[in-house]
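Notes follow the structure.
The values are calculated or read from the model by the stated rules, or taken from the named source; none is laboratory data. If you're wondering where the values come from, they're calculated on a predicted model, not measured in any experiment. Ideal geometry is used to build each Cβ from the backbone, glycine not excepted, and the neighbour counts take in all protein chains shown.
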Amino acid sequence: MLKVIGGFIAGIVSVLVLAGTMMGSFMFREIESPFTVEETAARIQANIQAKKDKGWSLSGLRDPVKPLQAAGENALPVLLIEACSTRYSGPMLKDDKTRILSILMPCTITVYKKNDGKTYVGLMNAGLLGRMFGSKVGEIMAEVAADQASFIAFDPSKPAPPLIKGMPGAGGGAGKEAGGGC
Amino acid sequence: MQWLYARGLLLPLMLAWVTSVAFADDPKTTAVPAPAPTAVVAAQPAPPTPATPAPPATPPLTAAMANKDHTTADHSRFEALQKDFKSGPEVTEACLTCHTEAAKHVMKTKHWTWEYIDKSGKKLGKKNVINNFCTSAISNEKDCMACHAGYGWQDKHFDFKNEKNVDCLVCHDSTATYRKLPGDAGHPVYERKEFPKDSGKFVEAADLKMIAQLVAKPNRANCGSCHFYGAGGDGTKHGDLDSSLKKPGKYLDVHMDAQGLNFSCTTCHQTDEHKVSGSRYEVTAVMTGNAHTRGAKDDKNPASCQSCHGDKPHQQNPLLMGQLNAHTDKLACQTCHIPEYARGGVGTEKSWDWSTATKMGPEGKPIATKDSAGRRAFDSKKGTFVWDSYLIPEYKWFNGDMNYSARGDKIDPSKTVNINQPEGTAGAADSRIWPFKVHRGKQAYDKEFSYLLNVHTAGEDETALWHNFDWQKAITAGMASAEMPYSGKFDFVSTEMSWPIAHMVAPKGDALACAQCHQAESRLKGIGGVYMPGVDGNKYLDMFGWAAAILALLGVIIHGALRTICVSRKKRGLACQRW
């Protein structure tokens, strides 16, 4: 009996260790981009703007390396593209049970360069995250995940769009115009 | 599973919170969902323009006036400088009344001759080399000479012996108002002028009297007016030199940090009779021994890291210094201390493909497009460009000598033509592993004579490529100016040019870490000539080592298990053999 219980506990521990180790790869996706950091970010921005019918709009573009540079240090380039859709954020923000998920808003996609000189795109696994909060959030996040997939679908035949630094509609804050922020 | 879910949620939530706090510019902004993006986005470069000395908006005369406190001569009180100068040569004439030998010095330098003769007697320099960017100055002098330290070089008849043609102000202007534009054969702007043409932007005429009265030692903007903007735009050519170095932060260059050491270019590139040390034609790839000592006679190149730091520069960490210093006989300092170049937000050009030049837009008119960062991507006049920033250097063994292709050298069009080739022997005492920017391109060559072609690009005449968009006319005119035969048949060949990286020295904390070289995906993979732990190895030796390690581990486990069994048996009164 002792052996059975011991084996069971060992099994649980092994699963937890394995899950903990691999959680990162479940929660986040990383894909390689054939473009520079700026062009990748600009193409993602253009793709987001093409999803206006789903309520999406750009709400920010951040360069987290800037503060590091101001402190006298270097890091390879990173650009954080922030976007939001009131169509998805609204139902979650209106419900006390899910309002805490506002901490994940706006939706952020990161574009960065690594030491191999290549550009990568990092995304949160919105679908998996949504399933952790019940069916309502799960359904919303499944749609977000589908839209996210379209944000990172690049068409090399299209010319490089300009990187949008001033956010349309955002006005530097949240929701100056509809969809400007969340 | 609930715990698992909770943990799974916790991870991204914590990460999001940590990210938002860590990356916020201002603590106040963390409460604002969408802060003004323009405040945090990397500064983007100004659109590239043709080779143009520094483009100031407002004259920073305060700095120029302050500079007067550091000189023993107030030039504004000199009688010779009280004139209302009408031209650059008039200013030079006034300068020479006191600095009688200065022009003679300048005339011996490459800044004047644009010529360099290497050890083999080969004539190089801008006058003789076809480079990987604008290709050649010959037949394009009126534009290119915006970066000549002289006045009036517009064709082969330029008088190199006339001292009045020496331009003192381009290096000694402290007001940042002295501009030399393409098309003026090295003269400054004498009358208010629209530049670029049809842009609606105007460059004011230089106040030569005021500029002459405020001359000073060269600062970064003086050198940068050409060296930052070489090849037709900010950051185009070098990769480690661009306008971000006018006022850099510590992250960009520890030596030039405007709030720190604030080195000017001449702090390292010290001059002697106007000859500036540290030319790319005379690179000191290897220097051994101690740092230069003030007062001691030393004829070594002052524009080298070792001239200040010596060849055993790592002294602070007793655990690491021996190992780090052991690297200096194989690596140039720059290899570790400039881990990436083009870090200032301007970026640099990676390639220039001339073969697409003359292609017009949909309406049959010339077009120009930019990349996502606002840098030139295509121009009907010049072709296709690729830019990037924070670039990982390419590494090569280098002994300081460059093997250049000069005009007229035969090429093999089936292979990439090396405009220059760093020389060096893997592992040799006279060579070190250096970081390079390798610029790639395509340019015109003569299909019959198999050499690169001299193309007449700039100008408003009917044969200029940028005016008439006719390759045949432009090549014919360019080759005639270069006094070289042209078969009438041309095509395009792939070319490469290597630029050693020596600026944008990162703070020591950002130097390459061990693992960036000593791992399977090493930056130095394939460099050869040196055994690299973590990269190189002998398959059989590695197998033997691993087998020994595994057997040793097994031995420990088995021995431990037997000892445990033995103790257990003894407790139960059973016999146990001793191990």
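Observations
- Those strands (runs of 3 or more DSSP E) lying entirely in segment B:303-402 with at least 1 residues in the same structural domain as B:Ser494 (by TED's automatic domain parsing), more than 18 Å from the chain's Cα centre (by Cα) and of a type in the set (S, T, N, Q): B:368-370, B:383-388
- Whenever a residue of segment B:323-336 is touching a residue at least 12 places away in the same chain (Cβ under 8 Å), its partners that are surrounded by 19 or more Cβ atoms within 10 Å (Cβ to Cβ) and of a type in the set (Ser, Thr, Tyr), lying with C-beta atoms within less than 7 angstrom and at least six residues away or across chains, give the pairs B:Thr335/B:Tyr395.
- When A:Gly60 is tested against (1) at pLDDT below 95; (2) more than 7 Å from every other protein chain (Cβ to nearest Cβ); (3) in contact with a strand residue (DSSP E or B) (Cβ under 7 Å, 6 or more places away or on another chain), just one condition goes unmet, and that condition is (2).
- Only one entry of B:Ala502, B:Ala520, B:Ala506, B:Ala513 meets the criterion of being on the phi < 0 side of the Ramachandran plot, within 23 Å of the chain's Cα centre (by Cα) and surrounded by fewer than 18 Cβ atoms within 10 Å (Cβ to Cβ), and that entry is B:Ala513.
Yes or no, residue by residue, for (1) touching a strand residue (DSSP E or B) at 6+ places or on another chain (Cβ under 8 Å); (2) modelled with pLDDT under 95; (3) more than 30 Å from A:Leu79 (Cα to Cα):
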| position | (1), (2), (3) |
| --- | --- |
| B:Lys396 | yes, no, yes |
| B:Phe436 | yes, no, no |
| B:Gly488 | no, no, yes |
| B:Val493 | yes, no, yes |
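- Matching residues, segment B:487-499, being under 23 Å from the mean Cα position of the chain (by Cα) and among the charged types (D, E, K, R): B:Glu496
- Residue in segment B:278-301 that is in contact with a Pro (Cβ under 9 Å, 6 or more places away or on another chain) and either modelled with pLDDT of 95 or more or at positive phi (or both) present: yes
- Number of the exception - A:Asp96 against (1) buried (at least 20 other Cβ atoms within 10 Å of the Cβ); (2) farther than 16 Å from A:Tyr120 by Cα: (1)
- Test: residue in segment B:256-264 that is touching a Ser or Thr at 6+ places or on another chain (Cβ under 6 Å) and within 14 Å of chain A (Cβ to nearest Cβ): no
- The helices (runs of 4 or more DSSP H) found wholly in segment B:101-183 and carrying at least 3 residues that are surrounded by fewer than 22 Cβ atoms within 10 Å (Cβ to Cβ) occupy B:102-106, B:110-113.
- Within segment A:1-43, the residues that satisfy the criterion of being small (Gly, Ala, Ser), at the interface with chain B (Cβ under 8 Å from one of its Cβ atoms) and without any contact (Cβ under 8 Å) to a residue 12 or more places away in the chain are A:Ala19, A:Gly20, A:Gly24.
- Residues in segment B:205-217 that are in a loop (DSSP other than H, G, I, E, B) and either surrounded by fewer than 20 Cβ atoms within 10 Å (Cβ to Cβ) or modelled with pLDDT under 95 (or both): B:Ala205, B:Asp207, B:Ala216, B:Lys217.
- B:Val254 among the β-branched types (Val, Ile, Thr) and within 25 Å of the chain's Cα centre (by Cα): yes
- Every residue from segment B:451-476 that is hydroxyl-bearing (Ser, Thr, Tyr) and more than 30 Å from the chain's Cα centre (by Cα): B:Thr463, B:Thr476
- Unmet requirement for A:Gly122, which otherwise passes all of (1) assigned to a helix (DSSP H, G or I); (2) within 10 Å of the chain's Cα centre (by Cα): (1)
- Looking only at segment A:105-163, and only at residues there that are of a type in the set (Phe, Trp, Tyr) and within 11 Å of chain B (Cβ to nearest Cβ), the one that is nearest to A:Lys51 (Cα to Cα): A:Tyr112
- Among the candidates B:Ser304, B:Ser243, B:Ser277, residue that is out of contact with any strand residue (DSSP E or B) (no Cβ under 9 Å at 6 or more places or on another chain), surrounded by 15 or more Cβ atoms within 10 Å (Cβ to Cβ) and under 27 Å from B:Lys396 (Cβ atoms): B:Ser304
- Residue that is nearest to B:Leu241 (Cα to Cα) [pool: residues in segment B:486-518 that are within 14 Å of chain A (Cβ to nearest Cβ) and in contact with a Lys or Arg (Cβ under 9 Å, 6 or more places away or on another chain)]: B:Met504
- Pairs with Cβ under 6 Å, 6+ apart, first in segment A:64-85 and in contact (Cβ under 8 Å) with a residue 24 or more places away in the chain, second surrounded by 19 or more Cβ atoms within 10 Å (Cβ to Cβ) and of a type in the set (Phe, Trp, Tyr): A:Leu76/B:Tyr390; A:Pro77/B:Tyr390; A:Val78/A:Tyr112; A:Ala83/A:Trp56; A:Ser85/A:Trp56
- Spans of helices (runs of 4 or more DSSP H) in segment B:437-530 with at least 3 residues aliphatic (A, V, I, L, M) and either more than 30 Å from B:Asp388 (Cα to Cα) or touching a residue at least 24 places away in the same chain (Cβ under 8 Å) (or both): B:471-481
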